[in-house]
Amino acid sequence: MRNIIILGLVLFVAGCATRYESVPDGYEGPTSIIKDSAKRIDNGKVNFFYLSQVDGKEIENSAWLSRVASSGKGSNLTIVLNENEVTSEVHKFIIIGRSTHAVPARSLVDTVYEIKGEFEFSPIPSEVYEIKGSLTEQGSTVWIEHSSSGNVIKKFEIQGSTALGVFQKM
(Lines give C-alpha, C1' and ligand atoms only; values in the text may rest on other atoms or scores of the structure.)
Protein backbone atom coordinates (compact mmCIF):
# COMPACT_ATOMS: atom_id res chain seq x y z
CA MET A 1 0.00 0.00 0.00
CA ARG A 2 2.83 2.35 0.90
CA ASN A 3 4.42 1.82 -2.57
CA ILE A 4 1.14 2.66 -4.29
CA ILE A 5 0.88 5.95 -2.36
CA ILE A 6 4.49 6.84 -3.22
CA LEU A 7 3.88 6.00 -6.90
CA GLY A 8 0.76 8.18 -6.90
CA LEU A 9 2.68 11.12 -5.41
CA VAL A 10 5.50 10.74 -7.95
CA LEU A 11 3.04 10.73 -10.87
CA PHE A 12 1.17 13.73 -9.42
CA VAL A 13 4.33 15.80 -9.00
CA ALA A 14 5.59 14.83 -12.49
CA GLY A 15 2.28 15.99 -13.96
CA CYS A 16 2.60 19.38 -12.29
CA ALA A 17 5.88 20.33 -14.00
CA THR A 18 5.97 23.84 -15.44
CA ARG A 19 5.86 24.03 -19.21
CA TYR A 20 7.11 27.12 -20.97
CA GLU A 21 6.01 28.92 -24.10
CA SER A 22 8.34 28.17 -27.01
CA VAL A 23 8.22 31.84 -28.16
CA PRO A 24 8.78 34.55 -25.52
CA ASP A 25 6.01 37.08 -24.90
CA GLY A 26 6.47 40.21 -27.00
CA TYR A 27 8.75 38.54 -29.58
CA GLU A 28 8.07 39.97 -33.06
CA GLY A 29 10.83 38.38 -35.16
CA PRO A 30 10.72 35.48 -37.61
CA THR A 31 9.39 32.12 -36.45
CA SER A 32 9.13 28.51 -37.63
CA ILE A 33 6.79 25.63 -36.74
CA ILE A 34 7.85 22.25 -35.32
CA LYS A 35 5.10 19.59 -35.34
CA ASP A 36 4.87 16.47 -33.20
CA SER A 37 3.67 13.16 -34.67
CA ALA A 38 2.20 9.91 -33.38
CA LYS A 39 1.57 6.29 -34.30
CA ARG A 40 -1.35 4.53 -32.63
CA ILE A 41 -0.51 1.02 -31.37
CA ASP A 42 -3.98 0.28 -29.92
CA ASN A 43 -6.83 2.26 -28.30
CA GLY A 44 -4.82 2.85 -25.15
CA LYS A 45 -1.22 3.04 -26.42
CA VAL A 46 0.46 5.49 -28.79
CA ASN A 47 4.07 6.07 -29.81
CA PHE A 48 4.65 9.83 -29.73
CA PHE A 49 7.50 11.70 -31.41
CA TYR A 50 7.78 15.21 -30.05
CA LEU A 51 9.76 18.33 -29.26
CA SER A 52 10.35 18.20 -25.50
CA GLN A 53 12.65 21.12 -24.72
CA VAL A 54 13.87 24.36 -26.24
CA ASP A 55 17.03 25.78 -24.66
CA GLY A 56 16.61 23.61 -21.56
CA LYS A 57 12.96 24.55 -20.91
CA GLU A 58 10.14 21.99 -21.01
CA ILE A 59 7.41 22.94 -23.47
CA GLU A 60 3.96 21.54 -24.22
CA ASN A 61 4.08 18.35 -26.24
CA SER A 62 1.64 15.87 -27.73
CA ALA A 63 2.26 13.10 -25.17
CA TRP A 64 1.43 15.41 -22.26
CA LEU A 65 -1.54 17.08 -24.00
CA SER A 66 -2.94 13.68 -24.99
CA ARG A 67 -2.72 12.36 -21.42
CA VAL A 68 -4.54 15.48 -20.18
CA ALA A 69 -7.24 15.14 -22.88
CA SER A 70 -7.68 11.45 -22.00
CA SER A 71 -8.05 11.95 -18.26
CA GLY A 72 -11.23 10.28 -17.04
CA LYS A 73 -11.80 8.39 -20.32
CA GLY A 74 -10.66 5.01 -19.09
CA SER A 75 -8.36 3.02 -21.33
CA ASN A 76 -8.81 5.17 -24.46
CA LEU A 77 -5.96 7.53 -25.31
CA THR A 78 -7.08 10.59 -27.26
CA ILE A 79 -4.32 11.82 -29.60
CA VAL A 80 -3.73 15.58 -29.49
CA LEU A 81 -0.98 16.56 -31.93
CA ASN A 82 0.89 19.69 -30.95
CA GLU A 83 2.67 22.30 -33.06
CA ASN A 84 5.25 24.57 -31.45
CA GLU A 85 6.13 27.91 -32.91
CA VAL A 86 9.83 28.67 -32.29
CA THR A 87 11.96 31.69 -33.01
CA SER A 88 14.07 31.27 -36.13
CA GLU A 89 17.45 31.40 -34.42
CA VAL A 90 19.89 28.86 -33.03
CA HIS A 91 18.37 26.80 -30.22
CA LYS A 92 19.26 23.68 -28.32
CA PHE A 93 16.40 21.21 -28.88
CA ILE A 94 15.54 17.88 -27.27
CA ILE A 95 13.34 15.53 -29.27
CA ILE A 96 11.83 12.34 -27.88
CA GLY A 97 10.15 9.20 -29.15
CA ARG A 98 8.21 7.46 -26.38
CA SER A 99 5.40 4.94 -25.89
CA THR A 100 2.51 6.43 -23.90
CA HIS A 101 -0.49 4.75 -22.29
CA ALA A 102 -3.94 6.11 -21.39
CA VAL A 103 -3.80 4.32 -18.05
CA PRO A 104 -0.50 4.92 -16.19
CA ALA A 105 -0.71 1.53 -14.47
CA ARG A 106 -0.53 -0.17 -17.88
CA SER A 107 2.89 1.42 -18.37
CA LEU A 108 4.17 -0.56 -15.42
CA VAL A 109 3.31 -3.93 -17.00
CA ASP A 110 3.60 -3.11 -20.72
CA THR A 111 6.69 -2.27 -22.75
CA VAL A 112 7.56 1.43 -22.93
CA TYR A 113 10.20 2.41 -25.48
CA GLU A 114 12.02 5.73 -25.35
CA ILE A 115 14.71 7.44 -27.38
CA LYS A 116 15.84 11.03 -27.12
CA GLY A 117 18.42 13.31 -28.60
CA GLU A 118 19.75 16.81 -28.08
CA PHE A 119 21.06 19.04 -30.85
CA GLU A 120 21.54 22.65 -31.94
CA PHE A 121 19.68 23.92 -34.96
CA SER A 122 18.52 27.20 -36.50
CA PRO A 123 15.13 26.74 -38.19
CA ILE A 124 14.56 28.63 -41.44
CA PRO A 125 12.01 31.46 -40.96
CA SER A 126 8.40 30.54 -41.89
CA GLU A 127 9.32 26.88 -42.55
CA VAL A 128 7.63 23.82 -41.02
CA TYR A 129 9.45 20.84 -39.49
CA GLU A 130 8.14 17.56 -38.07
CA ILE A 131 9.40 15.14 -35.45
CA LYS A 132 9.08 11.53 -36.64
CA GLY A 133 10.37 8.15 -35.56
CA SER A 134 10.03 4.45 -34.95
CA LEU A 135 9.99 2.46 -31.70
CA THR A 136 10.53 -1.31 -31.84
CA GLU A 137 12.23 -4.09 -29.91
CA GLN A 138 14.89 -4.25 -32.65
CA GLY A 139 15.76 -0.56 -32.39
CA SER A 140 14.41 2.96 -32.12
CA THR A 141 14.83 6.14 -34.12
CA VAL A 142 13.68 9.73 -33.72
CA TRP A 143 14.40 12.55 -36.15
CA ILE A 144 13.38 16.02 -37.23
CA GLU A 145 12.71 16.65 -40.89
CA HIS A 146 11.83 19.59 -43.09
CA SER A 147 8.15 19.01 -43.91
CA SER A 148 8.05 20.16 -47.52
CA SER A 149 11.32 18.58 -48.70
CA GLY A 150 11.49 15.55 -46.40
CA ASN A 151 15.15 16.32 -45.71
CA VAL A 152 16.26 14.95 -42.33
CA ILE A 153 17.83 17.69 -40.20
CA LYS A 154 19.01 15.50 -37.31
CA LYS A 155 18.48 11.79 -36.55
CA PHE A 156 19.11 9.70 -33.43
CA GLU A 157 19.14 5.91 -33.69
CA ILE A 158 19.74 3.06 -31.25
CA GLN A 159 20.11 -0.54 -32.39
CA GLY A 160 18.49 -3.02 -30.03
CA SER A 161 15.78 -2.51 -27.45
CA THR A 162 15.13 0.91 -25.92
CA ALA A 163 12.59 -0.53 -23.46
CA LEU A 164 12.57 1.30 -20.14
CA GLY A 165 12.85 -0.36 -16.75
CA VAL A 166 9.96 -0.04 -14.29
CA PHE A 167 11.36 3.00 -12.47
CA GLN A 168 12.35 4.75 -15.72
CA LYS A 169 8.73 4.65 -16.90
CA MET A 170 7.60 7.23 -14.35
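Key figures
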quantity: Per residue value of the accessible surface for the chain (all protein chains in place, 1.4 Å probe), Å²; calculated: 55
quantity: Check: the chain dipole with +1 on Lys, Arg Cβ and -1 on Asp, Glu Cβ, in debye; calculated: 880
quantity: D110 paired with A163, simple spin-label distance in nm, labels 7 Å along Cα-to-beta-carbon; calculated: 1.4
quantity: Full-extension gain in nm, F121 to V23, via 0.36 nm per residue minus C-alpha separation; calculated: 33.7 nm
quantity: Calculated diffusion of the chain, Stokes-Einstein form, Kirkwood radius summed over Cα pairs, 37 °C and 0.692 mPa s, µm²/s; calculated: 196
quantity: For segment 90-170, with +1 on Lys and Arg beta carbons and -1 on Asp and Glu, the positive-most of I95, S122, S147 along the dipole; calculated: I95
quantity: Sequence of E28, E120 when ordered by accessible area, the most exposed leading, probe 1.4 angstrom; calculated: E28, E120
quantity: Three principal axis lengths of segment 88-150 [C-alpha, angstrom, descending]; calculated: 43, 20, 19
quantity: Considering only the chain, percent of DSSP beta bridges that pair antiparallel, nearest 5; calculated: 90
quantity: Relative contact order (%) - segment 81-170, alpha-carbon pairs under 8 angstrom, separation at least six; calculated: 28
quantity: Options A69, G44, N82, ranked by Cα towards positive dipole end of segment 40-170, top entry (Cβ charges); calculated: G44
quantity: Pairs from K35/K73; K45/K154; K92/K169; K45/K116; K132/K154; K73/K132 whose Cα-Cα separation, in the structure shown, is over 22 Å; calculated: K35/K73; K45/K154; K92/K169; K73/K132
quantity: Inter-part distance where segment 79-121 and segment 132-157 are each reduced to a Cα centre, Å; calculated: 12
quantity: Degrees, to the nearest 10: 2-15 long Cα axis against longest axis of the chain; calculated: 20
quantity: Contour minus Cα-Cα distance for K73 and E137 (0.36 nm per residue); calculated: 20.2 nm
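The values are calculated or read from the model by the stated rules, or taken from the named source; none is laboratory data. None of the values given here were measured: they were computed from a predicted structure. FYI the Cβ positions are ideal-geometry reconstructions off the backbone, even for glycines, and counts take in every protein chain you see. What goes into the accessible areas is simple: the full protein's heavy atoms, side chains included, and nothing from ligands, DNA or RNA. Shrake-Rupley method; radii C 1.70, N 1.55, O 1.52, S 1.80 Å.
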